[in-house]
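The next block holds one structure in the form of structure tokens; read it before the comments.
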């Protein structure tokens with residue numbers, strides 16, 4: 001069985017060694033075998049798990065959600081429908097973020113359009129808009 005050091009595993013997975021240690025601590029990755037001198041050794045399955053985690057993070061899943069997906073993967077009694085439900089929830093979150101970003105974009109476009117570059121700073125419409133409460137509500141959107 002081919003084994004990899006933490007540095008090799010990190011390079012192969014495209015993440016940092018500290019990230020691997022963190023995933024172990026959080027229970028996303030099983031504790032690896034260790035050499036007599038205490039060095040971690042990872043299997044191809046560990047690298048595959050790291051790729052899975054990295055891809056799930058890229059798609060916007062939180063570590064908690066990734067842990068749930070990994071549990072579904074481990075429990076063969078679950079169906080694709082269980083995974084699909086989680087993906088649909090993530091899609092709804094992404095769509096909400098997109099709507100939020102589109103609203104922010106519109107506010108910025110409108111502010112830029114109102115700006116007369118010759119105005120004094122105290123009459124700058126961009127700064128004026130930033131002081132209004134409605135833009136602050138948009139900026140305080142929580143992920």
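A few points about this structure:
- Residue 81 vs. criteria modelled with pLDDT of 85 or more, out of contact with any helix residue (DSSP H, G or I) (no Cβ under 7 Å at 6 or more places or on another chain) and either under 30 Å from residue 30 (Cβ atoms) or surrounded by fewer than 13 Cβ atoms within 10 Å (Cβ to Cβ) (or both): yes
- When residues of the range 53-70 are limited to those that are more than 14 Å from residue 87 (Cβ to Cβ) and surrounded by fewer than 18 Cβ atoms within 10 Å (Cβ to Cβ), the one modelled with the lowest pLDDT: 70
The values are calculated or read from the model by the stated rules, or taken from the named source; none is laboratory data. These figures come from a predicted structure and were not determined experimentally. Cβ coordinates were reconstructed from backbone atoms using ideal geometry, including for glycine residues, and neighbour counts include every protein chain displayed.
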